[in-house]
Amino acid sequence: MAKSQKSLTKDKLVDMKVIDSEGSLLGKVKDVAFTVGKFGISLSVENKAGETVEVPWEQVQSAGDFILLKPLTQPQVPPKEEAQQVCPTCGGPLTFVDQYQRWYCYKCKKYA
């Protein structure tokens, strides 16, 4: 039988400790944030120095008694402009979107 997934409310997340992938304490969650025009949420985490660090939810590996972050990966580097990528669906040009580290086709309105 599959384990049921539990919802996490803002109240449960606030004051939860945030641990990086190496086991070090990053800080405590102070708030949950949304950015207008962007998809998803981020955690406002106060670090040891008292500074606020934004942690996108996509970086969270698991959450229970504390929040564990995924290991950091090197960002994908887009190929040189002269090697223009083409959409496998329509054959049109693809645009590299830095924010999501993915290629996007504006003609098909989807990621390749």
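With n ≥ 4 as the cut-off for DSSP H runs, can you work out [θ] at 222 nm for the chain, using -39500 (n - 2.57) per run divided by the number of residues, rounded to the nearest 500? Could you put the intermediate results ahead of the total?
Numbers: 1 runs with 4 residues, N = 112.
Value at 222 nm, helices only: -500 deg cm²/dmol.
Distances between placed amide hydrogens fall under 5 Å for residue 26 paired with 18, 19, 20, all partners being 5 or more residues away or on another chain. Taking the three principal axes of the alpha carbon atoms in the chain, the coordinate ranges are 48, 41, 29 Å, sorted in descending order. When the chain is treated as a Gaussian network with alpha carbon springs shorter than 10 Å, the biggest mean-square fluctuation among 56, 71, 88 belongs to 88.
Residues whose amide H comes within less than 5 Å of that of residue 41, counting only those at least five positions distant or on another chain, are 57 (H built at 1.01 Å from N in the peptide plane). For the pair residue 12 and residue 34, a Förster radius of 22 Å applied to the C-beta separation gives a FRET efficiency near 0.80, rounded to the nearest 0.05.
Near the amide H of residue 31, within less than 5 Å, lie the amide hydrogens of 44, all on another chain or at least 5 residues away, with H placed in the peptide plane.
Just tell me which aspartates and glutamates come within less than 19 Å, Cα to Cα, of residue 109; anything on the same chain fewer than 8 places away is out. Excluding near neighbours in sequence, the set is 98.
Pairs of Lys residues in segment 13-69, spaced 8 or more positions apart or belonging to different chains, with C-alpha separations under 18 angstrom: 5 in total. Among 21, 44, 62, the largest mean-square fluctuation in a Gaussian network model of the chain, built with springs joining Cα atoms closer than 10 Å, belongs to 62.
Any read-out appearing in this document is the output of simple, stated calculations on the displayed coordinates, not a laboratory observation. In this text, all values refer to a predicted model and were calculated from it rather than measured experimentally. Positions of Cβ are generated from backbone atoms using ideal geometry, with glycine treated the same way; all protein chains shown enter the neighbour counts.
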